[in-house]
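Before any comments, here is the structure.
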Amino acid sequence: MIIIAHVRMKALTKEALRKQLETCLGTKYCRIFFPAMAAAFMAYLLLSALLPSDAYALAALTLPAPAILFLRGRAVRRPAKT
């Protein structure tokens with residue numbers, strides 16, 4: 001018996017198990033992806049308008065990946081509400 005995302009499953013084929021794992025692992029980052037990308041794009045637009053060169057504003061486009069990892073890490077460490 002395999003437990004994936006608090007769901008018990010019996011006798012999964014290799015293909016079904018792979019799809020279930022992909023869904024489980026991918027879902028946790030997808031919820032954070034769009035807000036992180038939108039915030040980075042807004043930061044880029046703001047910095048490119050305020051700074052004399054766009055080169056400095058490009059650094060804002062590197063922020064989504066660390067932000068996603070940081071926010072996901074905080075969500076994992078947060079204690080469960082009872």
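What follows is calculated from the coordinates using simple rules that are stated; it is not laboratory data. Treat the numbers as computed from the prediction; the structure is a model and nothing was measured. Using ideal geometry, Cβ is built from the backbone for each residue, glycine included, and neighbour counts are taken over all protein chains shown.
A compact table of results
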quantity: Segment T27-T62, length gained on full extension (0.36 nm per residue, minus Cα span); calculated: 10.4 nm
quantity: Listed residues A55, T23, P35: farthest to the positive end of the dipole of the range 19-78 (Cβ charges); calculated: T23
